Amino acid sequence: MSGNPTSLTAPAGGRDSGPLSRNWRLLTAAAVAVAAGIAAPHVISSVLWISLLTQAVVDMIFATSVGLLVRQNGRISFGQAAFFGLGGYIFAVSIAREIATPELAIILAVVLPTLIAFLLGLIIARIPGVAHAMLTLAVGQAFYEVVFKWRELANGDDGMSVALPRTLFGFDSGMLQTPGSMLPIVWTILVMILVGFTLMARSPFGQLTEAIRENDERAQFIGYTTTLPRAVIYGASAFVAAVAGLLQTLYNGYISPDMFHWSLSGMALIMAIVGGPKIIWGPALGAFILFFFKDVAGDATEYWPALVGIMLIVVTLLLPEGFAGLAERTDVPLRRLRKGRAS
Amino acid sequence: MSISLEGRGLHRSFGGFKALDGVDIAVEAGQIRGLIGPNGAGKSTLIDVLSGRADNWGGQIYLRGEEVTGLKVHERRRRGLARSFQRTNIFPALAVGTQLTVAARALGNEGLDDVVEALSLGHLLDRPAQQISYGDQRRLDLALALVGRPEVLLLDEPAAGLTVEESLQLAAILRDLVKKWGVTVLIVEHDMEVIFSICDRITVLHLGKVLVDDLPDAIKTNPEVISAYLGSQAP
């Protein structure tokens, strides 16, 4: 919104000029970020580091999906891994069983989890609090049990390797399993998702979902049905989780029931909390921090999960808005200072 | 005059307690109707039933002669039946302007600037609702109910928690705005100064039933009302 508005129905040029320039700034920042991602493999000489970064970015995408649920729906999910796993399994099983062409399998791998989540969302997204968290846990674990025990589907608990075709959409599929080319791909996808979510949050639909998150009942009393927008957010969140699961499967060439396990959902939630789910890029930052924190902690002690737990406690107590909240708080005085100097 | 809002045979029970026991009420178009009675008389329950907030109730509700009994909250609101709340019911983290804009997208922005001006919210549009004063939050609650220029407005103690001065000021703003727009109002309020200063007619509820339905001057002197509720409160 603009500086000091007193009218809500003023024509463009008053209240509407702000969002346009904000969107241009966002797109410019995104273009710079994509360029940095493309340049990264040429700057970083270690293949190990590029590979680690690629895996970290997949985690960042997954954590962003959890963050969307918290930010726009005010809901906590312990079952987000279900959609991560579905993204990988639908692709892998479809090509292994020759159910679909590899290209169609990729599309199905993101569309089907989105649809499943949307339909589930119509039922469970309106249920608040602990009951919602437990329902998501139940749904996620139901999928886990199916893939764990159904050996004919994908070798049950042994998991299954995925042989990629030579080309996908006309491109050499080898680039999906080469860290130097996969890093720019996953990074660009992450940036696109963050830009998409930011634009969505600024849109009328984003404002509506925030209103519903804040006060579901009052949203109904200003004329809205609240279940459908919540279900749409549920679907969008599952879409991103499925993209992450698909990318991991393409990169590693392997699927296993662990992709569905609740502990993965829990870790994604911890990443979102550490980063700060109120800010769209917060969960991605949290995933990045935790990915490398786990790596360092794992080298230091076999009890590294305890260190992750301590980190979560410290962040919850000292940084309730996560590391992204800290970064934003630090940036506000700087922006004010810059603004003051400019004027 | 035509009837804007009508409830027929409304009843609702909590266990063995009958909060509403066959209430009939009809509010004429453009009228400001007061709804008074002692605690537990069924005033807020009646507002909840009429607005669609309550479940497990019986009876029929008509808006401009059209039955809305089976409609959900948001459907009633879109047909012009709005309400405010006894406890402030807003969107705490959203800026004042954002929440009014979100409401206007569903209900239209007719008269929106009038509402903002009349309720003195213009200077608060960029402020998150949780950072404004309680009195401002009460006015925002009312503004959300007025967005889209509703046909009927149900007000559940709009002056709750306000000082006497703020209450009378709010009552005057309300009276001017609803008379200007021709909005039909059903208002629950314990502050008798507010009630007698703005209402065209008053319905008194007692133990879930309509005790009396009459003009304000007649209500003031009605022995049944004085005995059941007003006591020494009549102004």
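Overview of results
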item: Paramagnetic reach from B:Glu224 in region B:15-50 [backbone N under 18 Å; point 7 Å along Cα→Cβ]; result: B:20-26, B:34-39, B:41-43
item: Residue mean of other protein chain beta carbons inside 10 Å, B:138-145; result: 1
item: Stretch gain in nm, segment A:Phe293-A:Ser51, where the contour uses 0.36 nm per residue and the Cα spacing is subtracted; result: 85.5 nm
item: About the Cα centre, charge dipole magnitude for region A:127-222 (Lys/Arg +1, Asp/Glu -1 at Cβ), debye; result: 200 debye
item: Exposed-site-free run, longest, chain A (rule: chymotrypsin sites (Phe, Trp or Tyr not before Pro); DSSP loop; at most 11 other C-beta within 10 Å); result: A:1-168
item: Span from the region A:226-271 Cα centroid across to the region B:1-64 one, whole angstrom; result: 47 Å
item: Charge dipole magnitude, Cβ of K and R +1, D and E -1 - region A:68-196, Cα centre, debye nearest 20; result: 420 debye
item: Additional length obtainable on full extension of the chain from A:Leu307 to A:Ala131, 0.36 nm per residue less Cα span; result: 60.5 nm
item: 10 Å Cβ shell holding at most 13 others, DSSP loop, GluC sites (Glu not before Pro): longest site-free stretch of chain A; result: A:99-301
item: MRE, 222 nm, helices only [DSSP H, n ≥ 4, -39500 (n - 2.57), over the protein assembly as shown, to nearest 500]; result: -18500 deg cm²/dmol
item: Options A:Ala29, A:Gly174, A:Ala92, ranked by Cα towards positive dipole end of chain A, top entry (Cβ charges); result: A:Ala29
item: Cβ-Cβ FRET estimate between B:Thr163 and B:Phe14, R0 fixed at 41 Å, reported to 0.05; result: 0.80
item: Calculated FRET efficiency for the pair A:Ile107/A:Trp24, C-beta based, R₀ 30 Å, to 0.05; result: 0.45
item: Percent of alpha-carbon pairs separated by more than 25 Å within region B:3-230; result: 38 percent
item: Of B:Phe196, B:Ile219, B:Thr69, farthest towards positive along the dipole that unit charges on Lys, Arg, Asp, Glu beta carbons give chain B; result: B:Thr69
item: Extension gain from A:Tyr254 to A:Leu318, taking 0.36 nm per residue of separation minus the Cα-Cα distance; result: 19.2 nm
item: Selection of trypsin sites (Lys or Arg not before Pro), region B:168-202, meeting DSSP coil and at most 11 other Cβ within 10 Å; result: none
item: Cα-based equivalent ellipsoid, region A:47-153: semi-axes from gyration tensor eigenvalues, Å; result: 25, 20, 13
item: Rg [Å, one decimal], Dmax [Å, integer] - chain A, C-alpha atoms; result: 20.9, 69
item: Rounded to the nearest 20 debye, dipole of the protein assembly as shown from Cβ charges on Lys, Arg, Asp, Glu; result: 840 debye
item: Positive dipole terminus of the protein assembly as shown, leading residue within A:Gly322, A:Ile127, A:Pro305 (C-beta point charges); result: A:Gly322
item: Cα gyration tensor category, rounded, prolate or oblate, for the protein assembly as shown with a/c compared to 1.5; result: prolate
item: Hull volume in cubic angstrom per residue (convex hull over the Cα atoms of region A:244-337); result: 130 Å³
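All of the numbers you see were taken from the coordinates with simple rules; none came from a lab. Predicted, not measured: the structure shown is a model, and the values here were computed from it. Neighbour counts are summed over all protein chains in view; Cβ atoms, including those assigned to glycine, are modelled from backbone coordinates with ideal geometry.
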